[in-house]
Every structure is written in structure tokens, then in C-alpha cells.
Amino acid sequence: MKQEKAGWVYGESYLILDRPLSCVVNKLASGVSVLRNWQAKRIEYGGCGGRGQGKRCCRVVRENGDVVECDAVIVTVPLTILKAGDIAFSPPLPSEKLGAISRIGMSTAVKVCLVFKHQFWPENFWDACCPFGFLPEIWATKYPSQGQEEGGGKVAMVGFVAGDRAEEMARLSQDVVVASSLAQLDEMFASAIDPSPATSSFHSCYVKNWSDEPFIRGAYSYPSRARAGDRKALAQPVGSSLFFAGEATHEAVNPCMQGALETAERAVAELMKTVDLRKRRESKL
């Protein structure tokens, strides 16, 4: 944890989106060929110049046997997928990388999105940490313009719970989660005029347990008793055709979206460097 804290160089400012995160995803995916509902079960790599793989270095095999041949692969699946061995690698991954995968921790998280008919918190309020509350962290936001519905709520609070407490919350019914969340907010924002502002303006709720997502199974990695250098080992390319990215491969900013994005830039730079070297070698033949 000390090592990761030392690597944080971003200050305390937050970037708050004014639209759904899906808008960012759609923008990044624009013009890119994307195969959806295509579960990779096996990655064969390092076949450059070998027999049986044509002119491509890698083969990614789907669960039904479909194959995509390519020059290189960047693996960005969550750490939970690697831990479970859901994707087979041929040849097997190096022992150093397998050890890092087993030691770096990844836990679940639950988000509780509460929509209200009107805003009952101060205009400049947007975040609160409540270590001993039912919701340890709370964010406040307004619906983006494209998300407003006729007669629906226009403001929302999102509670965030991670780790063991998230696993405990996941075992509760949604009615209990909603009641406990509203009780906490009522206590935080009660006034003489309205002693139960959250309850009186409550509109709807959506509870998301990220461990229920079959291809994610958690939130993000966390500081654990991993060995020094484990994240670097996880990020290390294997040969000249297999690369790794994702927040768990970042040595300082792992539990953040920006950490995942930065590792993607790093992996692409590594890939392009090896592709350039490969082209130079081929041009000399």
C-alpha cells in the first residue's frame, strides 16, 4: 500500500462526468471492429514462424471453436477471470505471472443507486465518506439530460460498498438495503422542516452487485500481501505477441478507471514496439 501511495501523482481533484459512462465507451469504440458475445476460452501465442498457424502469430479460440487469427493479443480481462483459469494459454503462462495472478487480491463491490423526486442536499455537496455508515461512501449527482424521464427522478445518490462489507450487503434483500440506505441519508440530512428528507422524496432504487457479472465477478484489485513487483510481473509481456493491461497491472493507480486506461496505452506502446521490430527483421530477410 505504501508503494502504491507513493506512485499516486494525480492530486485530489475529481473528474465528474456529465453523461453516462457508456457514452465514453461508445466514443472509444467508434470505428473499431468489435466482436460481441464472443467468449474467448483459449489463446495460442508465440507461433510466429511456426507451422500450423499460417502467417499469424496468435489464435484466439471461442467456446464453440470459432477462431480469430492475429499478430498479437492484449489481455484485459479482470483478474478474477485469470484466477479462475477461464482462459487457457498455450504455451502456459510463465510461473512468475501465474504467481502474481494468485497473490494479487480482487474483491467485490456493491453500488446502491437511489433516485429521488427532488434534491434535499446542499447544492455544493457531491461526496461523503461515512466509514461506520451502512453506505461507507456516497456520491450525489443529477441525471444527465438524456437520462431524464417524464415524471421520473432527476437527482440521485449512489452508495458504494466494497470488500467484506459488500459481500455482507449482497446477502440482504433489496428492501433491507433500501430501508437502511434511506435511514442513513435521513439522519445525515434531517431538518426541522423535514426530518426524513430521503424517505419522503424517494423515487426508485437499483442495486448492483458486481460479483454477479459472469465476466467480471468483482470490482477491482486492492493492496494485498502480494510480493513487491507482482503487478509489474502481471503487466509484463510474454514474448513478442502476448500483452497484458487492466487496472490490476498498474503499480500505483490500480483501483481507478484512469489506471486501466493508462495500462492500455502502455500495452499498445509495447505492442507497436515489437511489431516495428518484427517488420524490420522481416525486411532484412
First in region 167-183 and free of Cβ contacts under 8 Å to residues at least 12 places away in the same chain and under 11 Å from Val207 (Cβ atoms), second anywhere and in a helix (DSSP H, G or I) and of a type in the set (Gly, Ala, Ser), Cβ under 9 Å, 6 or more apart
Leu172/Ser180
Against the definition (within 26 Å of Ala156 (Cβ to Cβ) and surrounded by 16 or more Cβ atoms within 10 Å (Cβ to Cβ)), how does Ser211 come out, yes or no?
yes
If a residue counts only when it is at pLDDT below 95, which strands (runs of 3 or more DSSP E) contained entirely in region 16-123 have at least 1 such residues?
58-62, 67-70, 105-107, 109-116
Based on what the data block shows, is Pro92 surrounded by fewer than 14 Cβ atoms within 10 Å (Cβ to Cβ) and within 22 Å of Gly239 (Cα to Cα)?
yes
Restricting attention to region 64-83, which residues are among the polar types (S, T, N, Q) and over 14 Å from the mean Cα position of the chain (by Cα)?
Asn64
Among the residues of region 240-256, count how many are out of contact with any strand residue (DSSP E or B) (no Cβ under 7 Å at 6 or more places or on another chain) and buried (at least 16 other Cβ atoms within 10 Å of the Cβ).
7
Kindly indicate the residue of region 25-45 that is in contact (Cβ under 8 Å) with a residue 40 or more places away in the chain and within 19 Å of the chain's Cα centre (by Cα) and also surrounded by the fewest Cβ atoms within 10 Å (Cβ to Cβ) among those meeting that condition.
Gln39
What are the residue pairs meeting all of these: first residue in region 127-146, first residue surrounded by fewer than 12 Cβ atoms within 10 Å (Cβ to Cβ), second residue modelled with pLDDT under 90 and charged (D, E, K, R), Cβ atoms under 8 Å, and 6 or more apart or on different chains?
Gln146/Arg19
Of residues in region 192-208 being among the β-branched types (Val, Ile, Thr) and surrounded by fewer than 18 Cβ atoms within 10 Å (Cβ to Cβ), the one modelled with the lowest pLDDT
Ile193
Within region 220-255, restricting to residues that are of a type in the set (Ser, Thr, Tyr) and under 12 Å from Leu79 (Cβ atoms), the one that is farthest from the chain's Cα centre (by Cα) is Ser224
Of the conditions (1) touching a residue at least 60 places away in the same chain (Cβ under 8 Å); (2) within 23 Å of Leu17 (Cα to Cα); (3) of a type in the set (A, V, I, L, M), Val275 fails just one. Which one is it?
(2)
Can we say Ser283 is of a type in the set (Gly, Ala, Ser), over 22 Å from Ala170 (Cβ atoms) and at pLDDT below 90?
yes
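Residues checked against (1) more than 19 Å from Arg103 (Cα to Cα); (2) in a loop (DSSP other than H, G, I, E, B); (3) among the β-branched types (Val, Ile, Thr); (4) touching a strand residue (DSSP E or B) at 6+ places or on another chain (Cβ under 8 Å):
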{"position": "Val176", "(1), (2), (3), (4)": "yes, no, yes, no"}
{"position": "Ser180", "(1), (2), (3), (4)": "yes, no, no, no"}
{"position": "Asp186", "(1), (2), (3), (4)": "yes, no, no, no"}
{"position": "Gln258", "(1), (2), (3), (4)": "yes, no, no, no"}
{"position": "Ala264", "(1), (2), (3), (4)": "yes, no, no, yes"}
{"position": "Glu270", "(1), (2), (3), (4)": "yes, no, no, yes"}
{"position": "Thr274", "(1), (2), (3), (4)": "yes, no, yes, no"}
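The values are calculated or read from the model by the stated rules, or taken from the named source; none is laboratory data. All figures in this text were calculated on a predicted structure; none of them were measured in a lab. Virtual Cβ from ideal backbone geometry, glycine too; neighbours counted across all protein chains shown.
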